[in-house]
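Undergrad: A single structure is presented below for examination.
Where a number appears in this text, it was derived from the coordinates with a stated rule and is not lab data. In this text the structure is predicted, and so the values were computed from the model without any measurement. Here Cβ is always computed from backbone atoms with ideal geometry, including for glycine, and neighbour counts include all displayed protein chains.
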Amino acid sequence: MKNTFTPNEALQKLEHFCAYQERCHQEVAAKLYSLKMTPDEADFIIVKLIEGNFLNETRFACSFARGKHRMKSWGRIRIKNELKARQISAANITLAMKEITIEEYLSTFENLAERSWNILTETNQLKKRKKFCDYLLRRGFESDLVYEKVKELEKNQG
């Protein structure tokens, strides 16, 4: 593999990179850096990608939120934090969160909670409760939802 690309070759390469999967500006900038583009060339290529609609931060944020919720069962908090880490604007994060309906969100939460509670083999009730809560909080679900659910599950168990 050669180490240097002309701006046009890099543009073509990044068009494929962006067409394959939605990307955020940060990922594209990192890719350009790895291709050893100068800052001016990188800016030129990013502008071209946006003009060609290969790079669209709003589309990325919405797709990311839908995908992480549906495929990985992530909660809102984790999705928001991951989008912030990718330097997505607050407006785009707000739009992305609207991609997940409250019904779908609660349904995912209920299924995940029931499943995780039932697989925990911990006999010590306090440890089981902690493992359950930690798992759902790590997944990015709101603490009030998690604590209400653990109370409900403990009541039904006992």
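Undergrad: Give me a count of the residues in the range 81-103 that are under 28 Å from H25 (Cβ atoms) and part of a helix (DSSP H, G or I).
TA: So in the range 81-103, the residues under 28 Å from H25 (Cβ atoms) come out as 81-101.
Still in the list and also part of a helix (DSSP H, G or I): 81-85, 90-97.
So the count comes out to 13.
Undergrad: Here are I46, I102, I79: which of them is under 17 Å from E142 (Cβ atoms) and touching a helix residue (DSSP H, G or I) at 6+ places or on another chain (Cβ under 8 Å)?
TA: On the way: I46 fails: under 17 Å from E142 (Cβ atoms); I102 fails: touching a helix residue (DSSP H, G or I) at 6+ places or on another chain (Cβ under 8 Å).
Answer to the selection: I79.
Undergrad: Let me ask something additional. Of the conditions (1) among the aromatic types (F, W, Y); (2) within 21 Å of the chain's Cα centre (by Cα); (3) surrounded by 12 or more Cβ atoms within 10 Å (Cβ to Cβ), F5 clears all except one; give me its number.
TA: If we test F5 against (1) among the aromatic types (F, W, Y); (2) within 21 Å of the chain's Cα centre (by Cα); (3) surrounded by 12 or more Cβ atoms within 10 Å (Cβ to Cβ), just (2) comes out false.
Undergrad: Which condition number in (1) more than 16 Å from E148 (Cα to Cα); (2) buried (at least 17 other Cβ atoms within 10 Å of the Cβ) is the one that A113 fails?
TA: (1)
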